[in-house]
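These notes concern the structure reproduced below.
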Amino acid sequence: MSVGQSESDTNLTSRRARWQAARLDAETRAMLAKDTRHFLRQSVSTPCLNVIGRAEGIHIWDGQGRRYMDFHGNNVHHIGYGHPRVKAAITRAMDELPFAPRRYTCERSIQLAEKLGKIAPGRLSKCLFTTGGSDAVEVAVRLARAATGRFKTLSFWDAFHGAGTGASALSGEMLFRSGPAAPMVAGAEHVAPFACYACAYGYKTDANGNPPLELCNTACARMVDYVLAREGDVACVVAEPARAVPYIPPPGFWAIVREACHKRGALLIFDEIPTGLGKTGRMFASEHDGVEPDILVVGKALGGGILPIAAVIARENLDVAQDWAFGHYTHEKNPVTAAAALETIAVIEEEGLVENAARVGHVALERMAAMKAKHACIGDVRGRGLLLGLELVTNRESREPAGDLAEAVLYRALDAGLSFKTTMGNVLTLTPPLTVTESQMLEALDIIDAALGAEHST
Ligand SMILES: Cc1ncc(COP(=O)(O)O)c(C=O)c1O
């Protein structure tokens with residue numbers, strides 16, 4: 001059986017093998033072989049592309065000392081790798097109190113919960129912490145179940161919400177929900193996502209990427225209401241407010257879904273694990289749409305790109321599951337990860353990184369539009385803040401994905417010192433740290449521009 005792979009670039013293509021044969025020295029190849037020997041292989045993970053030796057600021061260095069601007073970073077590196085303030089905060093926290101065993105609380109965890117309640121939108125204020133995002137998504141769903149007395153969920157095809165059994169049931173790609181992940185959790189319903197350039201309902205965006213709202217009437221949002229009404233007993237809608245592909249919601253999408261949840265008695269959970277803490281040029285991506293979720297999930301960058309921590313932030317009146325242990329994790333009140341998160345948020349606020357993301361992202365989108373005018377293979381450019389994508393197609397009319405070209409561009413970019421991820425096979429996804437400067441952003445786009453030009457001249 002062929003398993004559709006779209007979340008990331010593929011790790012078994014002949015292009016990758018050729019690039020590795022040409023670029024990696026014997027020592028690196030030996031280390032990759034050792035990695036394959038000792039780790040269970042899995043799609044989009046192992047075997048690995050290369051060995052990393054160092055990570056600092058917006059850069060990573062491979063085992064051979066070559067430096068790359070990291071425009072992927074799993075979205076953990078908002079403040080750049082190895083921020084000195086976060087390293088110092090972690091050291092201090094370890095010296096003061098290395099761990100909080102269950103039944104004890106500690107000052108740093110309380111401070112973090114209080115801080116997240118302050119920066120989260122609207123009335124969201126009560127928290128639980130987990131080690132990873134997948135766990136936090138599952139905690140959010142369990143809370144929604146406790147609060148509504150219902151157990152079904154509604155999420156989007158093509159989404160990814162984590163590798164756990166519950167989180168992967170919410171995910172919408174074969175790679176994560178079939179094979180060993182099946183059978184799925186009962187009641188995990190799905191609906192087609194917003195994806196205006198590749199609309200599941202067949203509507204076409206105009207040359208500027210705008211959806212034909214007068215024609216489509218935001219069918220993708222109305223289908224959420226339809227399914228909620230037909231099922232009648234859905235506990236929650238779980239979604240990324242801006243999809244990490246990226247896809248940006250059409251205007252009005254979230255207002256319609258918010259209203260549908262309200263009408264049908266479902267809670268709205270926003271998974272802001274990649275987008276939260278400033279990626280889209282606002283502290284939370286949902287702020288662009290003026291819609292407040294009932295529960296918000298953050299993770300990834302929360303640990304400053306050093307330690308793993310994620311958080312669930314809920315409305316106070318959803319604090320109704322005290323009789324259940326629905327987020328009973330060993331590192332629930334870890335003072336060291338909490339210290340890393342507190343310092344990370346302080347860095348984001350004090351260094352004006354959300355504003356920087358908005359400003360540099362704006363410059364990038366303008367430059368990407370100019371690239372689209374120049375290269376016929378760029379079908380669409382889109383993004384918000386530093387969540388950016390260039391979608392490559394073989395033909396602008398048919399919008400056929402140009403996956404092989406995307407991969408070729410990736411390897412050319414790596415040769416020129418830029419690392420990024422391809423998503424859905426043909427979207428060059430750029431998610432640099434929030435610390436990226438305008439000139440670094442333009443340098444990265446120059447690299448992609450040159451790679452596209454070189455591919456067309458070969
Ligand atoms: C939208 C989204 N949700 C959840 C997760 C899972 O987070 P973690 O890998 O920390 O479990 C991810 C990770 O990539 C993600 O992108």
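The values are calculated or read from the model by the stated rules, or taken from the named source; none is laboratory data. If you're wondering where the values come from, they're calculated on a predicted model, not measured in any experiment. All Cβ positions, even for glycine, are placed from backbone atoms using ideal geometry, and neighbour counts span all protein chains on display.
Residues being in contact (Cβ under 8 Å) with a residue 60 or more places away in the chain, under 18 Å from the mean Cα position of the chain (by Cα) and in the same structural domain as K300 (by TED's automatic domain parsing) are represented in segment 144-157 by at least one member. Annotation for segment 141-160: no member residue is part of a strand (DSSP E or B) and surrounded by fewer than 19 Cβ atoms within 10 Å (Cβ to Cβ). Using the structure shown, decide if N11 is at pLDDT 90 or above, crowded, with 16+ Cβ neighbours inside 10 Å and polar (S, T, N, Q). No; evaluated as a whole, the condition is false for this residue. One residue stands out among those in segment 267-287 that are closer than 9 Å to P241 by Cα and of a type in the set (G, A, S): the one that is farthest from the ligand (Cβ to nearest atom), which is S286. Scanning segment 288-320 for residues that are of a type in the set (D, E, K, R) and outside any loop (DSSP other than H, G, I, E, B), we see that the one that is farthest from the ligand (Cβ to nearest atom) is E316.
Applying the selection to segment 381-430, what residues are buried (at least 20 other Cβ atoms within 10 Å of the Cβ), aliphatic (A, V, I, L, M), more than 14 Å from the chain's Cα centre (by Cα) and assigned to a loop (DSSP other than H, G, I, E, B)? The answer is A402, and nothing else. Exactly one condition in (1) under 17 Å from F270 (Cβ atoms); (2) at pLDDT 95 or above is false for Q111; which is it? For Q111, the exception is condition (1). Looking only at segment 203-246, which residues are part of a loop (DSSP other than H, G, I, E, B) and of a type in the set (A, V, I, L, M)? Answer for segment 203-246, where residues must be part of a loop (DSSP other than H, G, I, E, B) and of a type in the set (A, V, I, L, M): A207, A242, A244, V245.
Figure legend. Inter-residue proximity from segment 63-79: first residues in contact (Cβ under 8 Å) with a residue 40 or more places away in the chain, second residues polar (S, T, N, Q) and assigned to a loop (DSSP other than H, G, I, E, B), beta-carbon distance below 8 Å, spacing 6+ or different chains. Indicated pairs: F71/T431; H72/T431; G73/T431; N75/T275; N75/T431; H78/T435; I79/T435. Screening I110 with (1) more than 16 Å from the ligand (Cβ to nearest atom); (2) over 30 Å from T437 (Cα atoms); (3) touching a residue at least 24 places away in the same chain (Cβ under 8 Å) gives one miss only, at (3). Any chance segment 182-190 includes a residue that's buried (at least 18 other Cβ atoms within 10 Å of the Cβ), touching a helix residue (DSSP H, G or I) at 6+ places or on another chain (Cβ under 6 Å) and closer than 24 Å to V381 by Cα? No, segment 182-190 has no match at all.
For P84, the criteria (1) surrounded by fewer than 23 Cβ atoms within 10 Å (Cβ to Cβ); (2) within 16 Å of the ligand (Cβ to nearest atom) hold in every case but one, which is (2). Is at least one residue of segment 291-311 farther than 30 Å from R102 by Cα, surrounded by fewer than 23 Cβ atoms within 10 Å (Cβ to Cβ) and at pLDDT 95 or above? Yes, because at least one residue in segment 291-311 is farther than 30 Å from R102 by Cα, surrounded by fewer than 23 Cβ atoms within 10 Å (Cβ to Cβ) and at pLDDT 95 or above.
Scanning segment 146-180 for residues that are closer than 26 Å to G327 by Cβ, aliphatic (A, V, I, L, M) and within 14 Å of the ligand (Cβ to nearest atom) turns up A159, A163, A167, A169, L170. On the stretch given as segment 321-348, residues that are in a helix (DSSP H, G or I) and without any contact (Cβ under 8 Å) to a residue 12 or more places away in the chain total 0.
Under the condition of being surrounded by fewer than 18 Cβ atoms within 10 Å (Cβ to Cβ) and touching a residue at least 40 places away in the same chain (Cβ under 8 Å), the residues counted in segment 260-273 number 1.
Just to be sure, is A200 aliphatic (A, V, I, L, M), over 25 Å from L386 (Cβ atoms) and not in a helix (DSSP H, G or I)? Yes. The residue list Y203, Y197 contains one member that is within 30 Å of R367 (Cβ to Cβ) and touching a Lys or Arg at 6+ places or on another chain (Cβ under 9 Å), which is Y197. Of everything listed in (1) surrounded by fewer than 16 Cβ atoms within 10 Å (Cβ to Cβ); (2) over 20 Å from A285 (Cβ atoms); (3) more than 16 Å from the ligand (Cβ to nearest atom), the single unmet condition for A235 is (1). Just one of the numbered conditions (1) surrounded by fewer than 22 Cβ atoms within 10 Å (Cβ to Cβ); (2) in a helix (DSSP H, G or I) is not true of V257: (1).
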